[in-house]
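Visitor: One structure follows; several queries about it will come next.
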Amino acid sequence: MKPRSTAILISGTGSNMTALLEAMGEGFPARPVLVLSDNAEAPGLARARAAGVSAVTVAHSTGKTRADHEARIQAVLDNAGADLVCLAGFMRLLSPGFVARWQGRMLNIHPSLLPLHPGLDTHARVLAAGDEESGCTVHEVTAELDAGPVLGQARVPVLPDDSPQTLAARVLAMEHILYPAVLERFARGDKTPVFLP
Ligand code: GRF
């Protein structure tokens, strides 16, 4: 089977991107064709280039619409021949039209056990809610924020003295295991969710 041509969209550090790139070696059913960031300062861009993957910035231009930004993103994805998109810390909301174009071919990772705690400030909200566990979720992207079909989840305990930062670090370590595992299954055409540990 030919590996699926995969683009990874980032806004920041790109540690999930790095985990995906490291997994996408010989025999993996997806190969990276592009890393795209909306933020020229994203440290992940240099990391991608160091891994030999072409990395571009498509910034949102001041005074322009979201439609303009998404059209430029779409053009870059088309030009790279992308067939799958992995959102990995991409911090922009995507319009229903853009999402529809990638229906069934776009994944996202979110640092909570969805449907719990969609949106931002996840770890602080987990702590405020007194949850005894948290984790991360990889899901298909649909028009509704953090709400598409779940493709995998990994759980971690919440410890009594956790801060948002310590909890985030524990969850992030699991994100780096979960996302490649889900992508491997998904790229083979299998949408059975992966549950870790
Ligand atoms: C991760 O926690 C991811 O779940 C969230 O943003 C963070 C991105 O981290 N959506 P990184 O850029 O992959 O290091």
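The values are calculated or read from the model by the stated rules, or taken from the named source; none is laboratory data. Predicted, not measured: the structure shown is a model, and the values here were computed from it. No Cβ is skipped: glycine too gets one built from the backbone with ideal geometry, and neighbour counts run over all protein chains shown.
Visitor: Filter the range 140-164 down to residues that are outside any strand (DSSP E or B) and in contact (Cβ under 8 Å) with a residue 40 or more places away in the chain and give me whichever is farthest from the chain's Cα centre (by Cα).
Guide: Residues of the range 140-164 outside any strand (DSSP E or B): 141-149, 158-164.
Remaining after also requiring in contact (Cβ under 8 Å) with a residue 40 or more places away in the chain: 141-143, 145, 148-149, 164.
Values: Val141: 10, Thr142: 13, Ala143: 15, Leu145: 13, Gly148: 13, Pro149: 14, Pro164: 20 Å.
For the range 140-164, the residue satisfying everything is Pro164.
Visitor: Restricting attention to the range 97-104, does a residue exist that is outside any loop (DSSP other than H, G, I, E, B), in contact with a Leu (Cβ under 7 Å, 6 or more places away or on another chain) and either hydroxyl-bearing (Ser, Thr, Tyr) or modelled with pLDDT of 95 or more (or both)?
Guide: Applying the first criterion (outside any loop (DSSP other than H, G, I, E, B)) to the range 97-104 yields 97-101.
Now drop any that are not in contact with a Leu (Cβ under 7 Å, 6 or more places away or on another chain), which leaves none.
Checked against the condition, which is being outside any loop (DSSP other than H, G, I, E, B), in contact with a Leu (Cβ under 7 Å, 6 or more places away or on another chain) and either hydroxyl-bearing (Ser, Thr, Tyr) or modelled with pLDDT of 95 or more (or both), the range 97-104 yields no hits at all.
Matching residues to (1) in contact with a helix residue (DSSP H, G or I) (Cβ under 9 Å, 6 or more places away or on another chain); (2) in contact (Cβ under 8 Å) with a residue 60 or more places away in the chain:
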| residue | (1), (2) |
| --- | --- |
| Arg4 | yes, yes |
| Pro29 | yes, yes |
| Ser37 | yes, no |
| Glu41 | no, no |
| Gly44 | yes, no |
| Ala48 | yes, no |
| Ala59 | yes, no |
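Visitor: With the checklist (1) within 16 Å of the ligand (Cβ to nearest atom); (2) among the charged types (D, E, K, R); (3) closer than 20 Å to Thr142 by Cα; (4) assigned to a helix (DSSP H, G or I) in hand, flag the one item Glu70 doesn't pass.
Guide: Against the list (1) within 16 Å of the ligand (Cβ to nearest atom); (2) among the charged types (D, E, K, R); (3) closer than 20 Å to Thr142 by Cα; (4) assigned to a helix (DSSP H, G or I), Glu70 comes up short only on (1).
Visitor: Let me ask something additional. Would you confirm, using the coordinates I've provided, whether Gly189 is exposed (fewer than 14 other Cβ atoms within 10 Å of the Cβ) and either basic (Lys, Arg) or within 11 Å of the ligand (Cβ to nearest atom) (or both)? Walk me through how you get there before you give the answer.
Guide: Working: exposed (fewer than 14 other Cβ atoms within 10 Å of the Cβ): yes; either basic (Lys, Arg) or within 11 Å of the ligand (Cβ to nearest atom) (or both): no.
No: the conditions fail for Gly189.
Visitor: What number goes with the only condition from (1) within 16 Å of the ligand (Cβ to nearest atom); (2) under 20 Å from Pro164 (Cα atoms); (3) aliphatic (A, V, I, L, M) that Ala129 does not pass?
Guide: That leaves (1) as the condition not met.
Visitor: For the range 1-36, name all the residues that are near the ligand (Cβ under 10 Å from one of its atoms) and of a type in the set (Gly, Ala, Ser).
Guide: From the range 1-36, those near the ligand (Cβ under 10 Å from one of its atoms) are 8, 10-20; that's our starting set.
Listed by number, the residues that qualify are Ser11, Gly12, Gly14, Ser15, Ala19.
Visitor: Checking the conditions here, which among Ala50, Ala88 is of a type in the set (Gly, Ala, Ser), crowded, with 19+ Cβ neighbours inside 10 Å and modelled with pLDDT of 95 or more?
Guide: Numbers: Ala50 fails: crowded, with 19+ Cβ neighbours inside 10 Å.
On inspection, the qualifying residue turns out to be Ala88.
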